[in-house]
Structure formats: structure tokens, C-alpha cells
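First the structure, in the form of C-alpha cells, and then the observations on it.
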Amino acid sequence: MAAQAPTDELNELSINEAATAKGKPGLNATNGNLNRDSDDSDDDAEDAAAAAASGAAKKKKKRKPKKKKKAPTEQSDPPRVLVSQLFPRNSYIKGEEVEYVGENSYRTTSEEKRHLDNINSDFLTDYRHAAEVHRQTRQWAAKDIKPGQTLTDIANGIEDSVRALVGHQGLDEGDALRAGMGFPTGLSINHCAAHYTPNAGNKMVLQEDDVMKVDFGVHVNGRIVDSAFTMAFNPRYDPLLEAVKAATNAGIKEAGIDVRVGDIGGVIQEVMESYEVELNGTVYPVKSIRNLNGHTINHYSIHGTKSVPIVKSSDATKMEEGDVFAIETFGSTGNGYVHEEGEVSHYAKRGDAGKVDLRISSAKSLLNAINKNFGTLPFCRRYLDRLGQEKYLLGLNNLVSNGIVEAYPPLVDKKGSYTAQFEHTILIRPTVKEVISRGEDF
């Protein structure tokens, strides 16, 4: 970081009094005494002053020492200090490390497994960097978000913070692919469980009695941290939030190498459905939303090929060394089942999209912008607006209909119900399981 150059100033030299110099004695012809002639005295004084000034001018100029700006030691409010400045030399905090048990307990001390961990140092650095950005952003958001704010302001506040903390605004071509948003900020309210973010012109305001899921991703070099929490301002919803948080933690505890994902779903469901919520005199059981799942995360791809159900399942797929999982659970006071409904805001280019001969020019130009700015990272309409894209809906819909871009409509349970979500990203490392997004908040 460049130091601010101080203004050079000369030390001011002041001569308070002219030195009184002794003049040569002269003979007064009248009385023969030695006296100082007054004219000679004045001349001598001026000569002395001039000599002093000349000597001072020859002195070396004194410079004030340059002051280096101290590196920041804490985050600002709102968050704007680069996380890389707060953690110099990539000294990012580890997530919660959990040792394997049973037949995998040897991994913690195995030299071979430690070696595999060590050669993944860049992978871990990027993930821990992204996780720290997520923690600092969400902890600020949890304090800042209040009823009366618009969803647009909330989403922009989170996303502006993420971009500032990674140092990539995402406005230059390819910049958002280096680091930034892993996917758009989801702000799904009440019976809407997922995939809702405001589009341009949205005037929705957060209300005192709302239950809002805050779900956003941060990536560094394509390593995506996916974590979510739920906010409610009325304490009557506390049991719902406690149920989902406990279910998520139970799923994280159960996860590990060679664990079957169907078994994890059974544990999650058992914990989730042990809770109930009383609303307006009616007691509602908390239900796991059975058609929502956790999932693996791949490089630059938020949804991998493996899923983690949140109800008991016969799925015998096993977690493996090197996997990255988003363990997320959703609880509902409604049917425990969601369907697509409402205006689409979330999109992502399909990783398996084939080459299609596009006939609409706006679709071609939009696909070029998507490739250069997002790749396979999810994006939303606000991101296209921010890049200066105009009149793109026809082209966007054409990309969706041609199977190049996937649309993700909002997912809702029945109206009048309330849903909650908690989520963490875990790394199935060779030596330990690391809950990379864990923080003091949850």
C-alpha cells in the first residue's frame, strides 16, 4: 500500500535579536578617550545579521520523517476493508475442523493424508478467503437488516460488501470470475423458501412479522462458499429457527467419508420434526421440506452431481474424500413441499450446454456477456443491469428455451406458512472434515 507522502517544510529560522558585535576603537581628538562610533556600530550590527542569515541558508534542509499508513486491523461499517489486508500473507482463519472417527480415525495422523492436504494449499487458501468474506459480510448484515428496509437495499448492501472485501467490483470484463458473488443474494420471505432476489423496480419492504432467509455465495477463484441463515424479528418464530439450525448441525455432524447421504437425511428429519411452533393459538409441527436438498459444490459450479436429502432416503451414495458439500436444511409450518411460482430472478449457464445456432441477435450478444462475466456462476437480472445490458429479456428467454441457460424460479410452500433455512459449506479433506463457513454467529 502506497504511503502518503508528507509535505516538506523548511524549519523556520527566526532571529530574535541581532548579535551585537564589537567595533574597532577610534581616537576622539578632543578628549583622547577610546569610544564606539555610532555609525560604525550600526554597520557592524547589519554585517553580523547578514552573516547569520547566510550561514543559516547554507544549513541542510531538515525533512519531516515520512509517516506510513498503518495497515487496517479491523473491519469497517459497512464492510469495505479488503480481507486480504486484515489477513496478510494469506493467514486466513481455518473453519471448524472435526476429526474423523471409527475406521477413518487414522486419517488425522496419517503422513500420506497430511501430504495430500499440503498439496491442496491453494485450494484451502481460496476457500478460507471466501469463507472469511462470507462471515464478515453476513455478521454485518445480521446487525444492519431491520424491518422497513427494501429488499433491493438489503441485497445491494450485501453484494456491495462482498465485492469490496474481495477487491473485485465485477464491472470489468472477467473481473467477477476472479472473485466476488458465488451466486445472487436470496431474500426469500415467509412461505417462499428459496431462489428469490429482487429484480429492478422491486419495491418490497421487509416487515416486522416476516421470516426471511438470507442465502448468498462468495467465491475466490471459483471456490464457492454457500451459507445461509434465517432472520425473524418476532420471537414467536424462534422454535422454527431453532429446529432448522439444529437439523443443519445434526447433518454436519453426521457427514464424513463413506457416509451414505440417505442416512444423513434420516438424522436431519428426526431432529427437525422433533420441534413444533405455536402461532395464533395453533400448534404446527415443523416439517422438513422433502423436495429440497443439500448438494456438492464444484469448481465454478454451485450444484454438483451429489445431493444430500433432508428426509430419510434409500440413497446409498457415499461422501468421498475431496468432496465439497453444502449441508442445508429447510423447515416449514406448511406442507413440507415446495413448487415453482413467481417471477424468475436467478439464472445460470448450464455446464453441459451444447452448441446451439442462435437466431436472435440479442441472445448471441447476451450469451457472450454471460460467458465473459459469469461463466457457469449463477447471476440475476440486477447483475445484467449493472453491466449495462439493456432490453435483454427476449434474448435471455431464448437462451433458457434453448437449454443454454437454466432458470431458477422462486420455490414456495403453501401461502400462510412459514419456512426457515440454515446452511454451511463443508470440506471433506483427507485428514479432517472442515466446516469452512462456521462462525461465532452460527
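Which value, in Å² and to the nearest 10, is the accessible area of SER301 when all protein chains are kept and the probe is 1.4 Å?
Accessible surface of SER301 is approximately 40 Å².
What percent do you get for the relative contact order of the range 195-300 when only Cα pairs under 8 Å and 6+ apart count?
Dividing the mean separation by the residue count of the range 195-300 yields 22 percent.
What order do ARG260, ARG135 take when sorted by accessible area (1.4 Å probe), most exposed first?
Ranked from most to least accessible, the order is ARG260, ARG135.
Return the FRET efficiency for the residue pair GLU320, ALA71: r is the Cβ-Cβ distance, R0 is 35 Å, and the value is rounded to the nearest 0.05.
0.30
Express the accessible area of the range 209-261 per residue in Å², computed with a 1.4 Å probe while the remaining protein chains stay in the model.
Result: 28 Å² of accessible area for each residue.
Using only the Cα atoms of the range 66-199, build the gyration tensor, take square roots of its eigenvalues as a ≥ b ≥ c, and label the shape rounded, prolate or oblate: rounded if a/c is under 1.5, else prolate if a/b is larger than b/c, else oblate.
It comes out oblate by the Cα gyration axes.
How large, in percent, is the carbon and sulfur part of the accessible surface of the range 113-210 at a probe radius of 1.4 Å?
49
What residues from the range 417-435 fall in the zone where the backbone N is under 12 Å from a label point 7 Å along the Cα-to-C-beta line of ASN120?
Under 12 Å, as judged by backbone N against the label point of ASN120, lie 426-435 of the range 417-435.
Which of the trypsin sites (Lys or Arg not before Pro) across the range 67-96 are loop residues per DSSP, with 11 or fewer other Cβ within 10 Å?
LYS67, LYS68, LYS69, LYS70
Sort MET204, MET319 by heavy-atom solvent-accessible area, probe 1.4 angstrom, most to least.
MET204, MET319
Apply the Karplus curve 6.51 cos²θ - 1.76 cosθ + 1.60, θ = phi - 60°, to the phi angles in the range 397-409 and return the couplings in whole Hz, x for Gly and Pro.
Each residue's phi maps through the Karplus curve to give 5, 5, 5, 5, 5, 8, x, 8, 10, 9, 9, 10, x Hz.
Each residue of the range 162-171 in turn: what ³J(HN,Hα) in whole Hz from Karplus with 6.51, -1.76, 1.60 and θ = phi - 60°, glycine and Pro shown as x?
4, 5, 5, 6, 8, x, 9, 6, x, 9
How would you rank 410-416, 333-339, highest first, on the average number of other Cβ atoms within 10 Å across their residues?
Highest-to-lowest ranking by the protection proxy: 333-339, 410-416.
Sequence-distant or interchain residues sharing an amide H contact under 5 Å with VAL308, placed H: which?
Answer set, sorted by chain and number: GLY294, HIS295.
Let me make sure I get this right: for the range 341-402, a, b and c are the square roots of the gyration tensor eigenvalues over alpha carbons, sorted descending. Under 1.5 in a/c it's rounded, otherwise prolate if a/b > b/c, else oblate. Which is it?
Rounded, since a/c falls under 1.5.
Output the pairs from LYS94/LYS306; LYS306/LYS349; LYS203/LYS391; LYS94/LYS372; LYS70/LYS94 with a Cα-Cα distance over 27 Å in this structure; if there are none, say none.
The pairs that break the limit, which is 27 Å between Cα atoms, are LYS94/LYS372.
Name the residues of the range 205-238 whose amide N is less than 18 Å from a point 7 angstrom out from the Cα of GLN149 along the C-beta direction?
From the range 205-238, the list is 205-218, 227-234.
In nm, give the distance between the simple-model label positions of HIS299 and ALA142, each being 7 Å from the Cα along the Cα-to-Cβ direction.
3.3
Please give me, ordered by residue number, the GluC sites (Glu not before Pro) of the range 368-432 that lie in loop per DSSP and have at most 15 other Cβ atoms within 10 Å.
When the GluC sites (Glu not before Pro) of the range 368-432 are filtered for loop state and at most 15 Cβ neighbours within 10 Å, GLU390 remain.
Count neighbours as other Cβ atoms within 10 Å of each site's Cβ, and list the trypsin sites (Lys or Arg not before Pro) in the range 277-385 that are DSSP loop with at most 12 such neighbours.
LYS355, ARG359
Skipping prolines and chain starts, which residues have an amide H placed within reach, meaning under 5 Å, of the one on ALA193, given they are 5 or more residues away or on another chain?
Long-range HN contacts for ALA193: LEU411, VAL412, ASP413.
Gain in length, ASN221 to GLU242, computed as 0.36 nm per residue apart minus the alpha-carbon separation, to one decimal in nm?
Here the answer is 4.2 nm.
Please list, in order along the range 308-317, the HN-Hα scalar couplings obtained from phi with the Karplus expression 6.51 cos²θ - 1.76 cosθ + 1.60 (θ = phi - 60°), rounded to whole Hz, x for Gly and Pro.
Ordered by residue, 3J(HN,Hα) equals 10, x, 10, 9, 4, 8, 8, 4, 9, 4 Hz.
The values are calculated or read from the model by the stated rules, or taken from the named source; none is laboratory data. Since we're looking at a predicted model, the values are computed, not measured. Cβ sites come from the backbone with ideal geometry, for glycine too, and all protein chains shown count toward neighbours. To get the accessible areas, we keep the full protein, side chains included, count just its heavy atoms, and leave off ligands, DNA and RNA. Shrake-Rupley method; radii C 1.70, N 1.55, O 1.52, S 1.80 Å.
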